[in-house]
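Report on the following structure.
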Amino acid sequence: MHIPDGFLSVPVSVACAGLSTAALGAATFRAHKVLGPRAVARVGVTAAFVFAAQMLNFPVAGGTSGHLIGGVLAAVLLGPSVALVVMTAVLVLQCLVFGDGGILSLGANILNMAVVHPFVGFAIYRLVLGRQSPSALRGARPIAALAFASWTATVAAAATCAGELALSRVAAPLVILSAMVGVHAVIGLGEAVISAFVLAALIRLRPERVDRAGSSASSVRVASVVVPGLVAALALALFVSPFACTWPDGLERVVQHLGISPAIATLSLSAPLEGYAVPGMGSGLRTTALAGALGTLLVFGACLVLGLGLSPRRMRDHTQPPRR
Amino acid sequence: MSGTHLLRSYAHLDSPIHRVRAGTKLLITLLFVVGVVLVPVAHPLWTCAAIALLVAVVLAARLPLSAFLARLALSQPFVLGVAVLALFQGRGLAVFAALALKSTACVAAVQLFAHVTPFYDLLEVLRRARVPSALVLALALLHRYLFVVLEESRRMHRARTARTWQASGWSTWKSLASVIAVSFVRSTARAERISIAMRARGWS
């Protein structure tokens, strides 16, 4: 999802850089408060871990391979503000030292993968986890919650990315949004499964380590998580809002592309300001929204199954003598 | 287990370009990218001129050309994937060509910068640009331990593969996941040790 330079316009890049700098400043402050003097070493070495984890490919069907993004996993294990600083460090190094992702679009990449990805993911994780104490990771729920959060966060980051591209007028907003979200709804499945596997392995290997890692995340007050999450959602809505406007040129192409009858197309184009009120397009959007909601529910169900399948079996109680 | 070639850097070579100060190079790269982004779609010749300039600098920097091009080709799927979306609009082909050309030029510029700038010079630039010192130190630690963690997880993965008879499908994912999990546990323990060592030597 690293956007190279050349796609984003200068104003969009500068705006994104401003937003990410503000978020990074707040998160650095917060991370220092949570971790104290250990913060620097913790951020540096866990960033090395995330970077290395991103380099390990796993095979996906058809000879292709995928890798972890790791933002949500980092947010769950370290707390969202530490995860933001960690992901930023990874992105800066990837850009400036290894030439991966653009320099001008670094701000946008940080916004997508270091701000939106961990924060949306963590908010969803806490939402699904509900009242269960986050420091006591037991049973299927944390794994299912992490899987679903990883998928949602990947899609949200892709939508933000699409918004940035659309604001830079790369192509018609609807085309970009559907392409990015469509592709990343599939990529997100890989992210969800591998994150769930990693959390399950961690709980199995070192439950006390996860508890300790989780406790630094659990010291984060719910409000301080939900508020940035809401802000991120609002930013997302602002980015996506251009999609609601009709963009005659692009819309025409989309309409032709989808094979909607020319009569409806001309109707929608003759009334560009009443884009949503047009019956043909309106029901089209509604169908898309319905399909999206159904897909999300399906993924949620799959995540529950995954959580149940991966949750560690209850340890046999060795303190009781076996009954005759 | 691909990826080593992604981390190969030619910043240790020597050429007139390598000897330019890192801050100057960063500024020039940024200006170059902004310049290319600002070229309107109707004037592709300007982008071509920029690419010609870039090729001259790559040659002057004496970078191994085949490695440079191979690395550039790796970025093409995303570039072309996004540029193709531009086909769905008026004058689609012109926009597609302009976007692909511009973006390739920018990717090459960033690659060039990465290959001619030693990492510690870059840290010095960041420090002088008033990036918070904690962040610069975290970046230094990240670069220092990246190869350690990567090598460690590769070794674990290789050991695991050697002991698994023809792993495929889910078991590959499972073994990779346990490698990542163990790698995380080791990283937190290592961070703890490093921080204790730093404080023992008077860092605060």
Notebook entry, point to check: Looking only at the stretch B:94-118, which residues are part of a helix (DSSP H, G or I) and surrounded by fewer than 18 Cβ atoms within 10 Å (Cβ to Cβ)?
Noted result: B:Ala94, B:Ala97
Next item on the list: Scan A:Leu8, A:Leu24, A:Leu56, A:Leu35 and give me the residue that is touching a helix residue (DSSP H, G or I) at 6+ places or on another chain (Cβ under 8 Å), closer than 16 Å to B:Val131 by Cα and of a type in the set (A, V, I, L, M, F, W, C).
Entry: A:Leu24
Check: Among helices (runs of 4 or more DSSP H) lying entirely in the stretch B:30-93, which contain 1 or more residues that are among the polar types (S, T, N, Q) and in contact (Cβ under 8 Å) with a residue 40 or more places away in the chain?
Finding: B:44-60
Check: Is it true that some residue in the stretch B:76-95 is more than 7 Å from every other protein chain (Cβ to nearest Cβ) and under 25 Å from B:Lys25 (Cβ atoms)?
Finding: yes
Next item on the list: Provide a single number: the residues in the stretch A:1-54 that are of a type outside the set (A, V, I, L, M, F, W, C), more than 7 Å from chain B (Cβ to nearest Cβ) and buried (at least 21 other Cβ atoms within 10 Å of the Cβ).
Entry: 2
Notebook entry, point to check: Can you find a residue in the stretch A:301-319 that is modelled with pLDDT under 50 and polar (S, T, N, Q)?
Noted result: yes
Check: Residues in the stretch A:37-57: is at least one under 30 Å from B:Ala108 (Cα atoms) and in contact with a strand residue (DSSP E or B) (Cβ under 6 Å, 6 or more places away or on another chain)?
Finding: yes
Next item on the list: Of the conditions (1) more than 7 Å from chain B (Cβ to nearest Cβ); (2) free of Cβ contacts under 8 Å to residues at least 24 places away in the same chain, A:Gly71 clears all except one; give me its number.
Entry: (2)
Next item on the list: Scan the stretch B:193-204 residue by residue and report those that are facing chain A (nearest Cβ under 7 Å) and either more than 28 Å from A:Gln54 (Cα to Cα) or in contact with a strand residue (DSSP E or B) (Cβ under 8 Å, 6 or more places away or on another chain) (or both).
Entry: B:Arg199, B:Ser204
Margin query: Checking the condition assigned to a helix (DSSP H, G or I), of a type outside the set (Asp, Glu), more than 8 Å from every other protein chain (Cβ to nearest Cβ) and out of contact with any Leu (no Cβ under 6 Å at 6 or more places or on another chain), which residue from B:Arg144, B:Arg190, B:Arg130, B:Arg160 passes?
Written below: B:Arg160
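The values are calculated or read from the model by the stated rules, or taken from the named source; none is laboratory data. Please read all numbers here as calculations on a predicted model, not as lab measurements. When we count neighbours, we look across all protein chains shown, and the Cβ atoms used for this are built from the backbone with ideal geometry, even at glycine.
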